[in-house]
Amino acid sequence: MIDLHFVATPNGQKISIALEEVGLPYRIISYDIFEGDQHTPEFGRINPNHKLPAIVDHDPPFGGGPHAVFESGAILQYLAEKTGQLLPKDPRQRSVAIQWLTWQVAGLGPMGGTGGALRPLRAREDPLRHRALHKGARPADAGAGAPAR
Ligand SMILES: N[C@@H](CCC(=O)N[C@@H](CS)C(=O)NCC(=O)O)C(=O)O
């Protein structure tokens, strides 16, 4: 049995989708990250970074008692290796799959998360300042106090 420490964000859903796909039995332990559920000493022993998702595999292939895995990319790789599914055996195809996995966790995921967090701030942003920051306008366009060129 696998415990999935879960929040319904894309990172959490990646793991629930993978668990459904490989057909391993699991149970969901839900967290409300806005209430700070992740900041307990118990969860810190599963993920010292206090982020979701994380899993605890009570029957790891290498024995020795329960095994905790955090970071969605590491969890996906663990599930693939445990079941022999999801990752191609062919070394060339395996390399391609790991490239896309790394792109998702290191590129798309953080960019999407940051974009989502900043969108409300951007809406309130001064239009001239926005132009100066994002469209290459001269700093003087940003208004009083900006250094002249
Ligand atoms: N790189 C991590 C990102 C984990 C992450 O940022 N999780 C968010 C939810 S998607 C979280 O737990 N936020 C709560 C917090 O930062 O306190 C992964 O891929 O698992």
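Structural remarks
- Student exercise, region 2-87 dipole from Lys, Arg, Asp, Glu Cβ charges, in Debye to nearest 20: 140 debye
- If R0 is taken as 22 Å, the Cβ-Cβ distance between residue 71 and residue 20 corresponds to a FRET efficiency of 0.65.
- When both bridge partners sit in region 2-87, DSSP labels roughly 60% of those beta bridges antiparallel.
- Gained length - residue 49 relative to residue 85, 0.36 nm times residue gap less alpha-carbon distance: 10.2 nm
- Relative counts (whole %) of C-alpha pair distances in region 36-125, using bins that are 10 Å wide: 14, 33, 33, 15, 5, 0
- Multiplying the residue separation of residue 95 and residue 29 by 0.36 nm and subtracting their alpha-carbon distance yields 20.5 nm.
- Considering only 87, 23, 44, and ranking their Cα positions along the charge dipole of region 2-87 that arises from unit charges at the beta-carbon of Lys, Arg, Asp and Glu, the one farthest toward the positive end is 87.
- Net charge, residue 80 excluded, C-beta distance under 15 Å - Lys, Arg +1, Asp, Glu -1: -2
- For region 2-87, radius of gyration divided by Kirkwood radius, i.e. Rg to Rh on alpha-carbons: 0.95
- Once the Cβ-Cβ distance of residue 9 and residue 59 is raised to the sixth power relative to R0 = 22 Å, the FRET efficiency obtained is 0.25.
Just so you know, all these numbers are worked out from the coordinates, no wet-lab data involved. Just so we're clear, the structure is a prediction, and the values are computed from it rather than from any experiment. Cβ sites come from the backbone with ideal geometry, for glycine too, and all protein chains shown count toward neighbours.
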